[in-house]
Every structure is written in C-alpha cells, then in structure tokens.
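Since the structure comes first, as structure tokens, the remarks are kept for the end.
The values are calculated or read from the model by the stated rules, or taken from the named source; none is laboratory data. Note that the structure is a prediction, hence the values are computed from the model and not measured. Ideal geometry is used to build each Cβ from the backbone, glycine not excepted, and the neighbour counts take in all protein chains shown. The accessibility values were calculated without ligands, DNA or RNA, using every heavy atom of the protein model including side chains. Shrake-Rupley method; radii C 1.70, N 1.55, O 1.52, S 1.80 Å.
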Amino acid sequence: MKRYIDEKTVSSLARGAMYLGSGGGGDVKLMELMAKRIIKENGPIPLISPFRFPDEEWVIPVAVMGSPTIFSERLPSGNELKKVVETIEKEKNIAASAITGIEIGGMNAISPVIAAALTNLPLLDADGMGRAFPELQMTTYHGFGMKASPAVISNRPDKTYLLSSDENTEIEKQARKLVTDLGGWAAIACYPMQGWQMREAGILQTYTLTIRLGEALSADAMDAHDVMEKMQKVFQKSIYGKPVKLIEGKIVDLQRNIIEGMLKGSLVVEGSGSYIGEYLSVFFHNEYLWIKKNDTTLATVPDLICVLDEETGYPLSVEELENHVKVWVIAIPGPFLLQTTKMLDVVGPMQFGIAENFIPIEERLKLNGNEG
Amino acid sequence: MSYRIGIDVGGTHTDAVLLDEKYQVISETKTPTTADVSTGIYKAMREVIGKSGVPREKIRYAMLGTTHCTNAIVERKRLNKVAVIRIGAPATLAVKPLVGVPDDLRSHLEKYVYIVRGGHEFDGREIAPLDVEHLYRIANEIKGKVDSVAITSVFSPVSKDHELKAAEIIREVLGSGVAISLSHEIGSIGLLERENATILNAAVVNVAKTAAEGFINALKAEGINAKVFFGQNDGTLMNVEYAIKYPILTISCGPTNSIRGASYLAQLSNALVVDVGGTTTDIGVLIHSFPRESSLAVEIGGVRTNFRMPDLVSIGLGGGTIIRIHQDGSFTIGPDSVGYKLPEKGMVFGGDTLTATDVVVALGKAKIGDPQKVAHLDKELLNRIYHQMVEMVEEAIDKMKTSADPVPVILVGGGSVLLPDKLKGASKVIRPDHFGVANAIGAAIAQVSGQVERVFALDELGREKTLELAKKMAIDEAIKAGANPETIEIVDMEDVPLAYLPGNAARVRVKAAGVLSAS
C-alpha cells in the first residue's frame, strides 16, 4: 500500500512530533505552515517503507539546525532544503531516490517533508534520533558507523557551504560555527546513505508512528489524562515502550541558564492529588534529560521525558516552562536502538554529564518498587 | 486641588470614577455598556462628573480603558484600507504575510501586500541592503488607495533602521495623512506574530482616532479641558497621540485595570485578585503591583500575535449567573447569566430567574433587594449550591497560585458579595472600599511606562552590565512617555537565554513605569 503525506497528515505529524521533542526540537508551527503550503502547491508526498527501498539507491537525510527563535524571525527563503540536497548529489555524483529524517522530535520531523516536496522525491519512513537531540553526531547514523560527510549547509537562496571530514564530531563543530556566522539557523543535509546502510543505521518507521500518535491526539478538548491514555495505546505497539506517569503537580522552582550556547537548568514539581508531599526534579540541557526524586534517579536520557500541561495535555518545551503551571511529568521508554552500547556511548547519560549508568525506565521502576 | 476621571469599559458595565490628586474617590458610577461603546462612555463620564460636584476646570486628566479596537477587529468593521510591507527578502519568502489569518479578515487586508529586500540578522548585520527603489515604486502604487501602512522588518527589535527608512519614503510620497505602523514599536521577536499585530494595528487606526476625538469632544462639551490618556494591556497609559498611532496596545486593558485598581485599593503589591462581575469571575496574579503576564501567544479576532496579556483564569460565575434546580434535587450553576438585566430578572428584585445573587441573599450572606422574595427557598439545597460556587472559585485560586503556601486574596467587582471572608488557599481575604469600580480606579491611577525588548549578546558586556543598559533604555522610554523620572521603577525584567547561539545571546525585556509628570 502506497501512503502519502497530505496537508492533514502534516498536522498530525506536527502534533505527534511535539511529544517526541522531549522538551526540545523547536516549535513545529512554522514548519507545519510551510509544509502545508508546498503540499497544496505540489501535491501530497509519498511516504515509502525503508524495507522496500532498494539496497543500492541513495537516500539523503535533512534537517534545520540552529536557534528555533531566530528561525521564527528570519523565515526561510523557501528552497534552502532543496539546495542542500542537490549540492550533495552533485558532490557525490549520485541521484537521490528519497529524502529521510535526522530528528523526528520537534520541527525537524517536518523539514524532510518540505525537502521531499521541493525535490519531488518520496520521503523514506525513518530518522536517526527517534526523538530530539542537540548535536549532529547524536544519531544512530553516527553510532552505527555512517559518515556525516559530505555535509551541506545553506540559508540563502544562492549559496551553499560544503563541509567534509572523516570525523562526524568535526562536522558538527564546523556546522555549528558556520550556522552562527550565517545568522543563527541553516538547512543541512548530511549522512548520505544507500538503502542497505539506512536499514542498518536508521530508526525505522518513526514517521508512521509519529503520524499515528498525532492522529490519536487530534481530538479537541483533551487534558493530560486523555493524552496519556492515548499515548500509552499508541506507544505500546511500537519500538518505544509504554509511557509512565511519574508525578502530577505544580512547577514550584525553575532554573534556566545558558552555558556554551545550551539552555541548561532544572525544574521542581511539587506533587498534588495522589502525589501529595512528593517532589520531583527534572534536569534539562536543551532537552529534558534526567528525573530525580530526592536522591533516586527515576529516568535518564535516552529515554524520553515529557512535561505535559495538565489542562491541555500539550508537551511544554524547555523554553515554555513557567513557574506555577500544573503539569504531569511522564517518561517514554526510548527505541531499543538508542539503548545499545554503541548508542549509549553517544547519547547515554554520561554524554550529558550525568554520572549515572543508563537503566531503562521500566527496570528502574521495578528497582524502586514503584509501579507508577 | 486637581482631579482626574477614570473610565473602564467592560462587557456588561462601563464604570467611571472621579479621583482627587491624592487618589481619593470623590464619586463613582456604573452604566450599561452600549453597542457603540462611546454612548456608554459619555454617559458614565457625565454621571460621574455630575455626582462629584467638583469645578470642571479642575479636572485635569481623563483616563480611558476602552474596547473600541477589540470590537472593530472581532466584527471586521470600520477597518482602515491597509498596505502591508515586509522587509526581509530574500529571506522570509517561504511564508507570505497574513498566512493563518482567518479568511474573512484576510479579505479586508490582503489587497496590497509586498515583500521588499532588506532586514537584519540577529546580530544587527544587514540581510540585504534596503531596496529603496522598490519602496518608492510601492509608495507610488498605493498612493491614494490606502490610508494606513504596516511595515515589518526582519529583526527590527534588534535594528529598526530599515523600518524607519521605509516609513520616511512612504511619508514622502503619500504625505502626512497616511498612518504608518512600525513593527518594532508593537511586538517582539517572532516575525509572523509581530507582523500580524502590526497589520491589525494599521487596520484600527481610524477606529481609535474616532474614539479619541469623540471622547475629547464629549469632555469639551462638558466644559472640561483634560489631558486624555488611553489604558494599555500592560496596565500603563499612553497619551492620545501615541494611542492613535498604536491603538492595538489598548486591546484587553480591562482585566489589567481591575487588577491594578485592586492593588491600589488594598495597598498590596503581591496578591491574588478575584474580580467577580455579572457573568464571569476573573482571577489574576498581582506581582510587584502589576499583573502576571501569560506566556502564551494571544489571538485577537482569530489572529496569532505575540502580545503578552495578563495571565487570567476565567470561570462562569458572576452576580447574574443562572442557577437551575432540577426535579431530582440536583442543580447546575451557569455558565449563562442574566448579565446587566440582573436588576429586573433576579428574584430578589422581583424577577423570575434564580441567580447566584439570590442564593447569597436567601442565605443571609448579603443584603440586596428584597430577601422576603427568596425566603421560601430550600436553605439546605441553597447551602449546597453556595458551597459549590465557593469551591469553583477556590479551585481557580489554586490553579493560579505560585506555590502551595496561602496568599492574600483581594475581592473586587460588583459581584464579589457572592464570596465569603474565608477562602481555601487565602491567607486573608480583603474587600477594599470602592471594590465595585476597581477597574475604573485602575484606569485612573495607571502609570506611564517605557519598555525595551531586544536580543543582546551577554558576553559583550556581561550579564549584569547588559541588564543595566537595558534598564536605562527602558527608563529613558518611560521619561519620553511622560513619566516623572523620580518615580520611575523597573516593574518587569526578564532575560530568556536563546539556545544554540554563541556569545550567550539572550532576549532581554525590561519595563519601567512611573507616575505622570505634573507638568
């Protein structure tokens, strides 16, 4: 069955992607507007299964990197995402057969849809993070041995920048610096792969899952309770695990600082209802990374952490947090691929300065004798 | 002794007060809000002056919080003929102006829409030099066809140069009669939202002008030559010239006025304010004498803007709220209300509708109308209804509180007799004098303010020095707006770090406010 992404699917994708942002990943609204406009003009985009993609054909992952705030002010010209794909094709002397994702959490769930529409290519149903992460090498593509190089960056209609290095972390460094010089955000294409590589290194079918999540959450007038129920249904039958509620209550303390360009800090939730008397700390570093209750760790990256607005069930980003808001803190077990040793070396708690070994949330709950 | 008038237009009532220079209330009045808004304002104004008996030449200031502009946008009526100019190409072309604006409103605004080369980066560099020739072509094209122009340049909160230059060109070609709205004076970072707000502003310039002139003339007809100010949504004032230029800032000043009025009346600067009207109860949070603002994007007439509005929760409980008792003894409270018809519909006034007011009168908790008319009602049932009413408010209070600790609660609004002297979550419940017209008092005592919102690289000067610089800029703005320098205080300061940028870039927002200069 051939599936397509139309305007309505974009809305569902956008809604679902907010939850996978784990507090980061940027605001999806602008991307959603742009994608809808292009689909209206160019027609729906075929979404193809990674299992039916020929071994030797090429797929190019894309994203937008930089500051979401600047992106919301200095809007794109329109064909940046097309330029970066075409430049990689030229550089490698290949013809891409599909576009795919790098980061399914937040706004970058939608940038590949826009790239696919602009290049007239189908979208391959996969990404390299299964959520949002702050750096280019924090992908399964990197973890499973793919080269980010050649990477191409652009935020002008007439100019692209080629980055090459054997070290993916070096590409991240160069890209980050260039993005700043270019005005704060840019489109990027990197990790060009063939079908067989993609199947080895990608987190597969995350678009289908995210769209399903968005569709399940599309009804109006929901609260955190409804959202949680729907999420549990969708995630139970997926490569992720069943989401777990850790507390409901009010944000009573909020610390935010920028350290080396990263938004770092923590929030404290004071429990209410059946959680009365409990306090939970959530630490973030652009995304939510670590939940502690007193001295006990309840969850860590790469498992996903969401802070839901109690009234609307919407996931609050790190930038949207405010004192006094009533929230639910939940954790979603990450895809198995992120829990492998290779990936924990890239996105494990240690990589974010948390002196803890990764233990999946399900096991931690059993250890703590707290069945949520 | 000199005097001032404060008028606030609400959904149900238009309230007016007359204060002396020590802010003592000399007279107060309430009249029904009229469909055209102005008639109600004039009536309230005449009543409050008549009741006061003060010499008319001694009335020096008149402060007006009005809903003219909100109504015009919501009704899509009396809007200006607008041209929309965005400066930012080749960036921004992917999303055209007015995207996401409801169709029926867009059809009023989309006739003359342009995107011009220019704009700035976040650090102040030019994206492209401003395309001056294109602006001249546009100016000649729209000449005689529009009476209001909205200009929005990329990162104008960082550098306003291109907006100012564009305004100069438009003015040169179209003459001084055209209204020009510049986005850097209206909104903050977030191009589409700021652009929307600027376009809405351009669309209500005429409405504001008519409202202001009407009010000034009505004052003159009463023999009053007062300086007129308009209330803004942040609880501070702007003079008429500024209000006519930036009318969108008058949107939603009502709730702010009532919170500020409550603060003044109770002499508290940190508290919860519960404003019980005829139809709803609004609960806001007072921090350092100003309302806590909401961080959510605000929609006006279906258009997403980046205005900050008071953070309010509104529940369907007011003096006129209709109570329905069912056969089985169960009951519902509202959410509908008899509104301003309470004096004819309410049972204690001889009407046939059981309202929230009737419930408290029957239980002996308030003396309004004729208690005999509700004496026959089942007290036990009424008690249950009353408990639920109080619970509704207590739940809302809990929602707005910053922590579990109890806080002082100030009760204002005509319907506040509904509520008891003890509320869960309240350390004390205060009912100030003149609670019924707290909103008009809020309008009358409002301060003038200056605000700065920009992206700063904190590494250049360091955080402390940057904030000092921003404070100074805000204070200068406040002085320019007419504040007495000796009274100016920083009332709000926020620095939000921007992720993924070097140099520790942060969005800094500072607001300074002070009392009007005597001159």
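B:Ile199 meets the conditions (1) under 17 Å from B:Leu79 (Cα atoms); (2) surrounded by fewer than 24 Cβ atoms within 10 Å (Cβ to Cβ) in every case but one. The failed one is (2).
Table: residues versus (1) within 14 Å of chain B (Cβ to nearest Cβ); (2) part of a helix (DSSP H, G or I).
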site: A:Leu178; (1), (2): yes, yes
site: A:Thr210; (1), (2): no, yes
site: A:Glu215; (1), (2): no, yes
site: A:Met222; (1), (2): no, no
site: A:Phe235; (1), (2): no, yes
site: A:Arg256; (1), (2): yes, no
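Restricted to region B:60-71, and to residues there that are crowded, with 24+ Cβ neighbours inside 10 Å and under 13 Å from B:Gly6 (Cα atoms), the residue that is modelled with the lowest pLDDT is B:Thr66.
When restricted to residues that are in contact with a strand residue (DSSP E or B) (Cβ under 7 Å, 6 or more places away or on another chain), assigned to a loop (DSSP other than H, G, I, E, B) and open to solvent by 30 Å² or more (accessible area, probe 1.4 Å), region B:22-51 contains 1.
How many residues does region A:272-283 contain that are open to solvent by 10 Å² or more (accessible area, probe 1.4 Å) and part of a strand (DSSP E or B)? Number satisfying all stated conditions: 3.
Of the residues contained in region A:87-101, one or more are found to be under 30 Å from B:Ile189 (Cα atoms) and either in contact with a Leu (Cβ under 9 Å, 6 or more places away or on another chain) or in the same structural domain as A:Tyr191 (by TED's automatic domain parsing) (or both).
Conditions (1) in the same structural domain as B:Leu182 (by TED's automatic domain parsing); (2) open to solvent by less than 10 Å² (accessible area, probe 1.4 Å); (3) touching a residue at least 24 places away in the same chain (Cβ under 8 Å); (4) among the charged types (D, E, K, R), marked per residue:
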| position | (1), (2), (3), (4) |
| --- | --- |
| B:Arg86 | yes, yes, yes, yes |
| B:Ala91 | yes, yes, yes, no |
| B:Val99 | yes, no, yes, no |
| B:Asp103 | yes, no, no, yes |
| B:Leu109 | yes, yes, yes, no |
| B:Tyr112 | yes, no, yes, no |
| B:Ile115 | yes, no, yes, no |
| B:Gly118 | yes, yes, yes, no |
| B:Gly124 | yes, no, yes, no |
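Residue count for region A:59-106 satisfying the condition of being under 20 Å from the mean Cα position of the chain (by Cα), open to solvent by 10 Å² or more (accessible area, probe 1.4 Å) and more than 8 Å from chain B (Cβ to nearest Cβ): 3.
Being open to solvent by 10 Å² or more (accessible area, probe 1.4 Å) and not acidic (Asp, Glu) is the filter here, so list the residues in region A:210-227 that pass it. Step through it out loud before you land on a result.
Residues of region A:210-227 that are open to solvent by 10 Å² or more (accessible area, probe 1.4 Å), as a first pass: A:211-212, A:215-216, A:218-223, A:225-226.
Hits for region A:210-227 are A:Ile211, A:Arg212, A:Ala216, A:Ser218, A:Ala219, A:Ala221, A:Met222, A:His225.
Would you confirm, using the coordinates I've provided, whether A:Ser111 is closer than 20 Å to A:Leu182 by Cα and at pLDDT below 95? Taking the combined requirement at face value, the residue does not satisfy it.
Can you find a residue that is of a type in the set (S, T, N, Q), free of Cβ contacts under 8 Å to residues at least 60 places away in the same chain and within 30 Å of A:Lys326 (Cα to Cα) anywhere in region B:379-394? Outline the logic, then answer.
Narrowing region B:379-394 to residues of a type in the set (S, T, N, Q): B:383, B:388.
Adding the requirement that they be free of Cβ contacts under 8 Å to residues at least 60 places away in the same chain leaves B:383, B:388.
This time we only want the ones that are within 30 Å of A:Lys326 (Cα to Cα), so: B:388.
Within region B:379-394, one or more residues are of a type in the set (S, T, N, Q), free of Cβ contacts under 8 Å to residues at least 60 places away in the same chain and within 30 Å of A:Lys326 (Cα to Cα).
Selection of region A:287-304 for residues being open to solvent by 10 Å² or more (accessible area, probe 1.4 Å), of a type outside the set (Asp, Glu) and assigned to a loop (DSSP other than H, G, I, E, B) yields only A:Asn294.
One residue stands out in region A:166-176 among those that are among the charged types (D, E, K, R) and outside any loop (DSSP other than H, G, I, E, B): the one that is farthest from the other protein chains (Cβ to nearest Cβ), namely A:Glu170. Residues that are away from chain B (no Cβ under 14 Å) and modelled with pLDDT under 95 within region A:316-336 comprise just one, A:Phe336. Take the conditions (1) open to solvent by less than 10 Å² (accessible area, probe 1.4 Å); (2) of a type in the set (Val, Ile, Thr); (3) within 25 Å of B:Asn233 (Cα to Cα); B:Ile170 misses just one of them, which is (3).
The set of residues in region B:350-408 being away from every other protein chain (no Cβ under 14 Å), in contact with a strand residue (DSSP E or B) (Cβ under 8 Å, 6 or more places away or on another chain), assigned to a helix (DSSP H, G or I) and under 28 Å from A:Glu278 (Cβ atoms) consists of B:Met392, B:Val393. Within region B:163-191, count every residue that is over 17 Å from B:Lys209 (Cβ atoms), β-branched (Val, Ile, Thr) and either at pLDDT 95 or above or touching a Gly at 6+ places or on another chain (Cβ under 6 Å) (or both). So the count comes out to 3.
Among the candidates B:Ile430, B:Ile441, which residue alone is within 20 Å of B:Ser269 (Cβ to Cβ), touching a residue at least 24 places away in the same chain (Cβ under 8 Å) and open to solvent by less than 10 Å² (accessible area, probe 1.4 Å)? Working first, answer last.
Values: B:Ile430 fails: open to solvent by less than 10 Å² (accessible area, probe 1.4 Å).
From the options B:Ile430, B:Ile441, the qualifying one is B:Ile441.
Looking at the structure I just gave you, is A:Ala132 closer than 30 Å to A:Asn42 by Cα, crowded, with 22+ Cβ neighbours inside 10 Å and more than 12 Å from chain B (Cβ to nearest Cβ)?
On the way: closer than 30 Å to A:Asn42 by Cα: yes; crowded, with 22+ Cβ neighbours inside 10 Å: yes; more than 12 Å from chain B (Cβ to nearest Cβ): no.
Here the answer is no, as A:Ala132 does not meet what is asked.
For region A:189-196, the criterion of being surrounded by fewer than 24 Cβ atoms within 10 Å (Cβ to Cβ), outside any strand (DSSP E or B) and assigned by TED's automatic domain parsing to the domain that holds A:Lys8 is satisfied by at least one residue.
Taken over region A:143-165, the criterion of being away from chain B (no Cβ under 14 Å) and open to solvent by 50 Å² or more (accessible area, probe 1.4 Å) is satisfied by A:Phe144, A:Gly145, A:Lys147, A:Tyr161, A:Leu162, A:Ser164.
Look through B:Asp275, B:Asp336 and report the one residue that is open to solvent by 40 Å² or more (accessible area, probe 1.4 Å), of a type in the set (D, E, K, R), farther than 30 Å from B:Leu109 by Cβ and part of a strand (DSSP E or B). Let's see the steps before the verdict.
Details: B:Asp275 fails: open to solvent by 40 Å² or more (accessible area, probe 1.4 Å).
None of the others qualify; the one that does is B:Asp336.
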